[in-house]
1. Would you mind pulling out the separation of the Cα centroids of the range 169-225 and the range 1-29, in Å?
2. Out of residues 5 or more away from residue 176 or on other chains, whose amide H comes under 5 Å of its own, with H placed 1.01 Å from N in the peptide plane?
3. Quick one: 3J(HN,Hα) in Hz for the range 31-44, Karplus 6.51/-1.76/1.60 with θ = phi - 60°, rounded, Gly and Pro as x.
4. Just flag the trypsin sites (Lys or Arg not before Pro) in the range 258-335 sitting in loop per DSSP whose Cβ has no more than 15 other Cβ atoms within 10 Å.
5. Using the Karplus curve 6.51 cos²θ - 1.76 cosθ + 1.60 with θ = phi - 60°, what ³J(HN,Hα) values do you get for each residue of the range 52-59, in whole Hz, with x for Gly and Pro?
6. Can you give me the Kirkwood hydrodynamic radius for the chain, using every pair of distinct Cα atoms, in Å to one decimal?
7. Of the listed pairs 2/238; 3/100; 190/292; 202/286; 201/238, which have alpha-carbon separations greater than 32 Å here?
8. Residues with amide H under 5 Å of residue 326's amide H, sequence separation 5 or more or different chain, H placed in the peptide plane at 1.01 Å from N; which?
Amino acid sequence: MKKNISLKSYNSFGVDVISREFHEVSSEEEVIKTLKSLKNKKVFILGGGTNILFTDNVQIPVINVKIKGMKIISENNNYVSISIGAGEIWDDFVKWAISKNFGGAENLISIPGFVGGAPIQNIGAYGVEIKDIFVSCSGYFLDTIEKKKFELNDCQFSYRSSIFKKSLRNKFIITEVVLQLSKTNHKISKSYKSINDALNKKKIHNPTIKDIARIVSKIRENKLPNPSLIGNSGSFFKNPIVSIELLNKLKQKFSKLVYFKESVSKYKLSAAWLIENCNFKNIEEKNVGVYKDQALVIINLGNATGKDILLFSEKIKSTVLEKFDILLEEEVNII
Ligand SMILES: Cc1cc2nc3c(=O)[nH]c(=O)nc-3n(C[C@H](O)[C@H](O)[C@H](O)COP(=O)(O)OP(=O)(O)OC[C@H]3O[C@@H](n4cnc5c(N)ncnc54)[C@H](O)[C@@H]3O)c2cc1C
């Protein structure tokens, strides 16, 4: 256990706060031992810190999950199931899967963070979410230290959400995730406009998972700031989901509104478009700004504090509310 360490290098916003008590756990035994030693104290579970905004020093103990390991636990001619330690780097897993020609994770390439953090908000990108390849995750309740396995249907996965962000928020530590990938007949997900455009440009008619991974990596590289150079946590807000009635009302007022069909009666508005149309793109305040190529990404331009970033995000929220009557919801976890 370490005392009073800076969490600056443990969060992708690069916010400098102090953790009063910092525990690193590298095995399930260490998880149990640490939780026992903390005697039911409230704790904070930290993965790669890529979806967190720390607004103050963290007074409660932090448990940083570093459990490694990746192994095939079952397979047949078509599918392979892989057990992955929660402390593995998500992108290492995706690249490993691609190198083995296992399909299903390629659209989720280059998402930062750890494997254990991925089910928390049901990570998603370019038409795929972790729920599409998810089998189960296991771990421990923080209060009773009871072990539990959550299967796909237990996790209440939805757009950037799961049971771990709702009723089990800060109540469960994930130690292992099991995912299932295809070995043959890969289901190539290329419906996203930017993927389709790139495939057409390259004249690729039957893309492989490697083609998709290469294209998605490139799109992300051009659109998102690298957190090791510019502090950020990816999308700060979720895209708001609205009814067809509200969409039609908004379209009458804002003819260029950007939206996507979500289900029969629900539509997803582009939060980036809403923010851009409140003129936030070139505004900087107290070392905080909006990324030039993606308005949904709030960036730390220097030594911004978590509070500076939070204040700036609240300003965005209230301006969008005033102009469009839409309340943005944070995707990032504010601590
Ligand atoms: C540049 C950039 C691009 C991004 N792009 C995307 C994207 O395309 N799609 C997307 O969905 N997300 C994206 N993200 C957000 C982020 O990468 C993911 O949400 C990631 O899965 C977070 O994992 P983490 O290990 O960093 O979690 P952390 O940030 O450490 O934690 C996030 C939350 O999960 C909890 N948590 C973490 N690990 C565990 C565990 N083992 N057990 C229990 N609780 C845990 C924490 O307590 C916290 O509440 C992006 C972020 C950045 C910086």
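Where a number appears in this text, it was derived from the coordinates with a stated rule and is not lab data. Because the structure is a prediction, the values reported are computed rather than measured. Quick reminder, even Gly has a Cβ in these numbers, built from the backbone with ideal geometry, and neighbours come from all protein chains shown.
1. 31 Å
2. Placed amide hydrogens put 86, 138 under 5 Å from residue 176.
3. After applying 6.51 cos²θ - 1.76 cosθ + 1.60, I find 4, 4, 4, 5, 4, 4, 5, 8, 6, 6, 5, 5, 10, 10 Hz.
4. 286, 292
5. Each residue's phi maps through the Karplus curve to give 9, 10, 7, 9, 6, 4, 9, 7 Hz.
6. 21.1 Å
7. On the way: 2/238 35 Å; 3/100 42 Å; 190/292 26 Å; 202/286 43 Å; 201/238 30 Å.
Table pairs above 32 Å Cα-Cα are 2/238; 3/100; 202/286.
8. Long-range HN contacts for residue 326: 321.
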